[in-house]
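Written below as structure tokens is the structure these notes are about.
The values are calculated or read from the model by the stated rules, or taken from the named source; none is laboratory data. Not measured: the values here are computed from a predicted model. As a convention, Cβ positions derive from the backbone with ideal geometry for all residues, glycine included, and neighbour counts pool all protein chains shown. In case anyone asks, the SASA skips ligands and DNA or RNA and just uses the protein heavy atoms, side chains included. Shrake-Rupley method; radii C 1.70, N 1.55, O 1.52, S 1.80 Å.
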Amino acid sequence: MSNSKIPEMFYSDSFETVNGIHINVKSFNNYQLHRHEFYEFEYVIEGEGQCEVNGKSFSFSKGDVLFVTPFDVHGYKSDNLFKMLTIHFRIDNLSNDLISLAESKACIMKSTKEMEETFMLLVTEYEETKKDDFKYMVYKNLLERIVILFMRSNKCSLKTNMPKEIIYAVGYINTNFHRKIDLQSVAEIANYSPEHFSRQFKKYTGLGFNQYLTNV
């Protein structure tokens, strides 16, 4: 899929957007292959079907969790309606201690009891029509709990050897790949000189900047 345009559904009124965290609860039986500029958790509330991620097909059913990154091409299909909770967010919506999520790869997994309870709390909060000043705090708190539980379940460590400047750079590339970006501009974001950034980027990602950008 070469077109990186975000599907119209992502701007629909069915999404509740609070300070960059997008929440949606929707029933459908097909959603075409697409990709977008943010990270995503999908929690299957009801039903079952097939999910395609980067050309690979996976079965999903009630209680499953799908995690995708900004450049993963993914879509869903089923013979019957299934109901999903969708959470869209950017890495900078998370606390600094959790930005190592940017190193995680797309995956589908069965939710733990704690994850299921947290997802359903988010569903309840989404369905509550009252708007208040604490909405973002509640969303962020529940999202960060989901991230922690997800990383634990995937045996991911909250610690990382990758400097936060490189993690920020990787996140920036992953979410802005369709714009005109170059080594100089990303090095400035990481607060490194281009030469130092180039060396550090290859050291921790295993790829040169241009090769990484091309792959994305």
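Pairs only if they're at least six apart or on different chains, beta carbon under 7 angstrom, first in the range 189-211 and closer than 18 Å to residue 102 by Cβ, second acidic (Asp, Glu) and open to solvent by 50 Å² or more (accessible area, probe 1.4 Å); list them, first residue then second.
Close Cβ pairs (under 7 Å, with a partner that is acidic (Asp, Glu) and open to solvent by 50 Å² or more (accessible area, probe 1.4 Å)) amount to 190/165; 191/165; 192/165.
Identify, from the list 123, 170, the residue that is among the aliphatic types (A, V, I, L, M), outside any loop (DSSP other than H, G, I, E, B), at pLDDT below 85 and under 28 Å from residue 52 (Cβ atoms).
Exactly one residue qualifies, and that residue is 170.
For the range 80-101, how many residues are touching a Leu at 6+ places or on another chain (Cβ under 9 Å) and crowded, with 18+ Cβ neighbours inside 10 Å?
First, the residues of the range 80-101 that are touching a Leu at 6+ places or on another chain (Cβ under 9 Å): 84-85, 87, 89, 91, 93-94, 97-98, 100-101.
If we keep only those that are crowded, with 18+ Cβ neighbours inside 10 Å too, we end up with 84-85, 87, 89, 91, 93-94, 100-101.
Residues meeting the conditions: 9.
Has the range 133-154 got at least one residue that is modelled with pLDDT of 85 or more and touching a Lys or Arg at 6+ places or on another chain (Cβ under 9 Å)?
No, the range 133-154 has no match at all.
Considering only the range 68-104, state which residues are among the hydroxyl-bearing types (Ser, Thr, Tyr), part of a strand (DSSP E or B) and touching a residue at least 60 places away in the same chain (Cβ under 8 Å). Walk me through it before giving the result.
Applying the first criterion (among the hydroxyl-bearing types (Ser, Thr, Tyr)) to the range 68-104 yields 69, 76, 78, 86, 95, 100, 104.
Subsequent filtering for residues that are part of a strand (DSSP E or B) retains 76, 78, 86.
Correct list: 86 only.
Of the conditions (1) within 23 Å of residue 148 (Cβ to Cβ); (2) touching a residue at least 60 places away in the same chain (Cβ under 8 Å), residue 107 clears all except one; give me its number.
For residue 107, the exception is condition (2).
Would you confirm, using the coordinates I've provided, whether residue 55 is open to solvent by 10 Å² or more (accessible area, probe 1.4 Å) and not polar (S, T, N, Q)?
Values: open to solvent by 10 Å² or more (accessible area, probe 1.4 Å): yes; not polar (S, T, N, Q): yes.
Yes: the conditions hold for residue 55.
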